[in-house]
Structures are given as C-alpha cells and as structure tokens.
Amino acid sequence: MTAQIIVAFEGEGSGVDDLSWGQLDLWMAMRRQNSWLPMGGATPLPAGTSVADVAENLRYLMSRYQPMRTRLRFDADGRPSQVVSGSGEIALDVVDAGDDDPAEVADAVRRRYEETDYDFETQWPLRMGVVVRAGQPTHLVAIMCHLVTDGSGAAVMIAESATRVTTPVKGMQPLEQARWQRSPAGVRQNEAALRYWERLLRTIPVRRFAGSDDPRRPRHWRGEFRSLALHLATRAIADRAGMDASPVLMAVYGVALHRMTGINPVVFRPTVNNRFRPNLADVVCTVAESGLCALDVAGVPFAEALERTRRAAMTAYKHAYFHPVDLDELIAEVARDRGPDLDLGCFYNDRRITVRAGTGGPAPTPAQIHEALSGGHTTFRWTVRQDDPFERLFVHIDDVPDTMQITLFMDTHFVSPGDAEAFLHRMETVAVEAALDMAPQPA
C-alpha cells in the first residue's frame, strides 16, 4: 500500500533561460539514448528515522538546490529551456511493506521509479519514497533525472544534506551559467574549444572500431567487470610515477583500445567534470561534458604512453567546455568533407570520487599483484541486453572501494560481445605488465 505526503518547498532563485552547456549536453545524450538517465537508488535508513525526517530532507533538497526545482519548456521547434521555480509542492511516497521483505519492496519501488516515463515539462526531476514496516521507516528510495546534476555535484549534495548545510549554495547556478555562456568570455571559450576539435576532427582516423563479427539482438549490451589485479596494478604504477591514478588508468585504457582495434592514434571522448573552472568547483548541477582526446601509443613503452596520455588529457580537458549544438554542427560539417563514417562513439568516464587517489598506504608489491591475478579475483558478467541504444562503446570506472569495477556499455554491431569482454581483460593485462616492469628490482 502506498500513501503520499505533500511536501511544500521554497528556495532562492527562479527564472527562465537557455539550458546551460552541461544541461544541453545531457539533454542531447538522453535524446540519443531514448532515456531520461535516472540516477540514484534504494538505501537502508538508520534506526530511529521517522517519516517526518524523510519529508524534511525532501523539503531541504528541493529548497536548497535550483536544479531540483527545474523543469523544461519547449519552443515550437522543440528547443528546450530551463524553468526554475521559486516554490512548489512535491509528493513523498510512503510504501508499507506489510509482511514482505522491506529491501525487496524498496528495490521494486526503485525499478518502478526508473522505468516510469518522466515528463520534463510538468514533473519535478526527483522521485522519492520511504518504505515502512510496522510504521517504522526502513529504506529510502530516491531517483532523479541526470539533468539535476553530474556525479561530482551529487557528492556535494549528499555531503551537504547529511549535515543540513544552511550557508548559501556554492558556485554558478545553471541560470547564471547560461548568461555567462552568451557573454564575450563564454563566446571565446566556445570558439577556442571548437578550433581544437576541428584540428583533431580533420586529422584523426575516421573510424574507432574495426567492426563486429557478431552483431546481436537485442543490439545493445551492458557488462560489469571487477578486477583486484587491475586495481592494485594501477595503484602501483601511480605510486611509482608519482601521480594520481586517473591518468594511469586512462593510459591503460588507451593502450588496450589500440591493441583491440589496431587503430592509432587512439581517439575517445573522456567525460570531463569541468570543476577546475572558476565558480564551478562545488556547484550542484550538471557541468560535465565529453571532450576529445587523441593518444599516440603505438610501439612505445608504457611509461612513455603514460606521459603522452597525461599531456593529451590536459589539453582535452581544457577544451571540453563548449556549446553542444555548435559542436554537433561542426562534426556534421567535417563529416561532409571526410565521409559519413566519421565516428566519435567511443567514451571513457572515470567517475570515481572517493577511491581515485588510492588508500595512501604502501604501494602494492609484485607478489600482491600476482596473487590478485591468479587468485580468482577477476569477474565479468553481462547485466543488460536492450534495444534502446547505448553509445558504441562507453566505459565507466565506478566508485567502488578495494577493487576496480568497470561498467561497459556497447553496441554489438560495432563491438562484438567477445571483443568487449576481451578488451576489459586486456586492460588488466596492460596494467599488470606495466606495474611489474616498473617495479623496483631487487638489489
């Protein structure tokens, strides 16, 4: 049985404007993938939590964060605008588990929230429910549209809501971002980014993949890979190189991709959080966009591939803040010159936040890496097969402690299931070989 509590809210800021670049980039991805890209999940609640506590938390989220109060408006040509409301009401679902397992009930609510279509014009972008048993809340279910925020913004929101921060929100809000993006400074940023993209688009190999010899129906698959050896090897390389583990893993990805496809330079679109930019570090909204990175890694030692990756990634990050419609028009223009096979459907998203920098302890030893590789600590499973499209290849590095978890999305008409699984194992092999080669030799 489900009841509803109506929660009123009121917050700072309201108005109508164009979508910010980050919002527009997400909107275009949702259109390509035929999905509103729900994010969130079901979590157990601490003992003693009341329904009133959950309702107050919902009021806090809706009041504090403008993107939670944002809906869309479409013009006659279907172009969206953001509409931020200063106040409103939202329903909190209260679901009585009865004699059923509350965790299973919460998971069913999660699936219902995710699988129910979302109306961008009339509905708030957050769905929240609390599961109760014998009147006591047991689980919270919260699912929001990805237009609200990216992963880094979600981490800020979770931290602030845990302590009910009441100081003014940080950073440039999407309405202000839209105004800045039309300013002379925003125009200069966009033009510089497009010049960089055009230089690469006119020189890189046209294709990203050699082609699939095993197209399937349903066409689009998702898999999950876990590897302790990859986790330990990247930590060991990062320690030896004196850098963060993020460029290490990107270099591993690039080398493995080259070995899979035989194409060089390797070209892919890394997700860039853009939070190194002024007034965007701690903002709760979507500012991430996918850049363009070209890596020449053929025939060089891993240490050299790593240094090339570090330099190329910095340049790609610098030019990953742009107007997505302008970029689409540029890609179409170049494709008219180079041919319709021009392909940019290869993506990489290191979405780790809490585990990216490692543990800070001693670097893993060669013996530990060998044991992880041979001890049955690597697993892979296919999790989803669907007709709704994913990108041709999209690799997400997940924020999971004490292992390396990779979620892979792919189009079997471009990358076969066998090649996709072999590619993930190849990433493990590249990292382990590099870690052992770079390990200090006994005296």
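Since every read-out is calculated from the coordinates, none of them should be taken as a lab result. All values reported here derive from a predicted model rather than from experimental measurement. A quick note on method: Cβ atoms are made from the backbone with ideal geometry, for glycine too, and the neighbour counts reach across all protein chains shown.
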Surface/4 of the Cα convex hull for region 2-180, nm²:
10.5
Cα centroid distance between region 1-64 and region 406-422, in Å?
32
Taking 41 Å as R0, compute the FRET efficiency from the Cβ-Cβ separation of ASP399 and GLU333 and round it to 0.05.
0.65
How many Å³ per residue does the convex hull of the Cα positions in the chain occupy?
169
Kindly work out what percent of the DSSP beta bridges joining two residues of the chain are antiparallel, to the nearest 5.
85
Calculated from DSSP helices alone, with each H run of at least 4 adding -39500 (n - 2.57) and the total divided by the residues of the chain, [θ]222 nm to the nearest 500 comes to -13000 deg cm²/dmol
Below 8 Å between Cα atoms, with a sequence gap of 6+, how large is the relative contact order for region 204-438 in percent?
41
When Lys and Arg each count +1 and Asp and Glu each count -1, what net charge do the other residues less than 11 Å away from MET250, Cβ to Cβ, add up to?
0
Compute the relative contact order of region 372-427 as a whole-number percentage, counting only Cα pairs closer than 8 Å that sit 6 or more residues apart in sequence.
27
Surrounding net charge for ALA335, when Lys and Arg each add one and Asp and Glu each subtract one, Cβ distance under 13 Å
-3
In what sequence, highest mean first, do 120-130, 174-184, 330-340, 225-235 appear when ranked by Cβ atoms within 10 angstrom?
225-235, 120-130, 174-184, 330-340
Per-residue HN-Hα couplings for region 174-180, Karplus 6.51 cos²θ - 1.76 cosθ + 1.60 at θ = phi - 60°, whole Hz, x for Gly and Pro?
x, 4, 5, 4, 4, 5, 5
I need the calculated FRET efficiency for the pair THR2 and ASP296, taking r as the beta carbon distance and R₀ as 41 Å, to the nearest 0.05.
0.10
Give me the net charge for the shell around GLY418: Cβ to Cβ below 10 angstrom, other residues only, Lys and Arg +1, Asp and Glu -1.
-4
Once the piece of chain linking VAL51 and GLU307 is laid out straight, how much longer is it, given 0.36 nm per residue of separation minus the C-alpha distance between them?
86.9 nm
With an 8 Å Cα cut-off and a minimum separation of 6 or more residues, compute the relative contact order for the chain in percent.
21
